[in-house]
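*Asks:* Below are the structure tokens for one structure; questions will follow.
The values are calculated or read from the model by the stated rules, or taken from the named source; none is laboratory data. Note that the structure is a prediction, hence the values are computed from the model and not measured. We place every Cβ from the backbone using ideal geometry, glycine too, and count neighbours over all the protein chains shown.
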Ligand SMILES: [Zn+2]
Ligand SMILES: [Zn+2]
């Protein structure tokens, strides 16, 4: 038996658990580790028995709790090399100094050195540091509270915010195995370093998870075939997005070929090319600003038309705020 639990999905966090009798994996860690553990326990999934965390891409709603979850439960993380690097970049505090600030710090440094030399203190143990706290640079002030400043090389794992106990790099298109679950990552069109969706195969079942899709590219359509359970994005209603509160640039981003999938785009696929073979179609990453669960649901159900029934294409809605009831295949 394979068990699939969408712990939550949307722009504020994404996380799904897939487990067999032997293996338990988490897809994305987009809530705080505490919240993920809470939702896992609520759903009867034990974090103590986690075998892997798989990451689709480095956006915050997919990695928020990654480092804490991986460290706390000592779980290996699977990601592409580019996603791992982009995540490292995102989580490592950086400081940037403007040229004028750098010039000012040099001026102060020189003045201080001159002063101490004149006072016969040139061997003073306290060397002036460029960008010290006396210079008002917001980024530096913020970074000063962090364990790492000025890209310092971490001396121990606990000093490094990007430290993970174990990382495995995979490549889109190349399958690998975690316990008795076979994982095939595939490239998706989205504005991240190297975003992927996943096909998971276990005990004769095929589960496909694809969210954060600008459009349904041919390779994605290929991987969606023969699914027993589909977790697929139904992000926005195009009209609600157009008339909604987002700034113009964000609207353009969401609507673009590397943004998010609309109810209409998914509906079009479900009505035409979709093979109709899944028992469950879970609509995910539903926008809270630019969509309504009822709109997403009715759009998908209309598209599936006569193909829904007790045994096939049951449409379920993943929520941002609570886990969806576990599905057993
Ligand atoms: Zn994303
Ligand atoms: Zn997302």
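*Asks:* Which of the residues spanning the stretch 266-295 are free of Cβ contacts under 8 Å to residues at least 40 places away in the same chain, outside any helix (DSSP H, G or I) and in contact with a helix residue (DSSP H, G or I) (Cβ under 6 Å, 6 or more places away or on another chain)?
*Replies:* Within the stretch 266-295, 276 is the sole residue that qualifies.
*Asks:* Step by step: first the residues of the stretch 21-38, then only those that are buried (at least 18 other Cβ atoms within 10 Å of the Cβ) and more than 24 Å from residue 91 (Cα to Cα), then the one that is nearest to ligand 1 (Cβ to nearest atom). Which residue is that?
*Replies:* Top of the filtered list is 24.
*Asks:* I would also like to ask the following. Within the group 18, 75, which residue is touching a strand residue (DSSP E or B) at 6+ places or on another chain (Cβ under 7 Å), in the same structural domain as residue 254 (by TED's automatic domain parsing), in a loop (DSSP other than H, G, I, E, B) and more than 16 Å from ligand 2 (Cβ to nearest atom)?
*Replies:* On the way: 18 fails: in a loop (DSSP other than H, G, I, E, B).
Only one candidate passes the filter, namely 75.
*Asks:* To continue, here is another question. On the given criteria, is residue 221 within 16 Å of ligand 1 (Cβ to nearest atom), farther than 26 Å from residue 75 by Cα and outside any loop (DSSP other than H, G, I, E, B)? Before the answer, list the steps.
*Replies:* Numbers: within 16 Å of ligand 1 (Cβ to nearest atom): no; farther than 26 Å from residue 75 by Cα: yes; outside any loop (DSSP other than H, G, I, E, B): yes.
Taking the combined requirement at face value, the residue does not satisfy it.
*Asks:* I would also like to ask the following. Provide a single number: the residues in the stretch 44-72 that are in a helix (DSSP H, G or I) and either within 16 Å of ligand 1 (Cβ to nearest atom) or more than 20 Å from residue 180 (Cβ to Cβ) (or both).
*Replies:* Counting residues in the stretch 44-72 that are in a helix (DSSP H, G or I) and either within 16 Å of ligand 1 (Cβ to nearest atom) or more than 20 Å from residue 180 (Cβ to Cβ) (or both) gives 11.
*Asks:* Identify, from the list 226, 257, 253, the residue that is surrounded by fewer than 16 Cβ atoms within 10 Å (Cβ to Cβ), assigned by TED's automatic domain parsing to the domain that holds residue 14 and within 15 Å of ligand 2 (Cβ to nearest atom). Outline the logic, then answer.
*Replies:* Working: 226 fails: within 15 Å of ligand 2 (Cβ to nearest atom); 257 fails: within 15 Å of ligand 2 (Cβ to nearest atom).
From the options 226, 257, 253, the qualifying one is 253.
*Asks:* Restricting attention to the stretch 285-295, does a residue exist that is modelled with pLDDT under 95, more than 16 Å from ligand 1 (Cβ to nearest atom) and either at positive phi or more than 22 Å from the chain's Cα centre (by Cα) (or both)?
*Replies:* The answer is no; no qualifying residue exists.
*Asks:* Given the residues 139, 202, 133, 210, which is the only one that is more than 30 Å from residue 256 (Cα to Cα), surrounded by 19 or more Cβ atoms within 10 Å (Cβ to Cβ) and either out of contact with any helix residue (DSSP H, G or I) (no Cβ under 6 Å at 6 or more places or on another chain) or at pLDDT 50 or above (or both)?
*Replies:* When all the criteria are applied, what remains is 202.
*Asks:* Hey, another quick one. Give just the number: which of (1) modelled with pLDDT of 95 or more; (2) outside any helix (DSSP H, G or I) does residue 36 not satisfy?
*Replies:* (2)
*Asks:* Part of a loop (DSSP other than H, G, I, E, B), without any contact (Cβ under 8 Å) to a residue 60 or more places away in the chain and over 29 Å from residue 261 (Cα atoms): is that true of residue 94 in this structure? Please lay out each step first, then the result.
*Replies:* Details: part of a loop (DSSP other than H, G, I, E, B): yes; without any contact (Cβ under 8 Å) to a residue 60 or more places away in the chain: yes; over 29 Å from residue 261 (Cα atoms): yes.
The answer is yes for residue 94.
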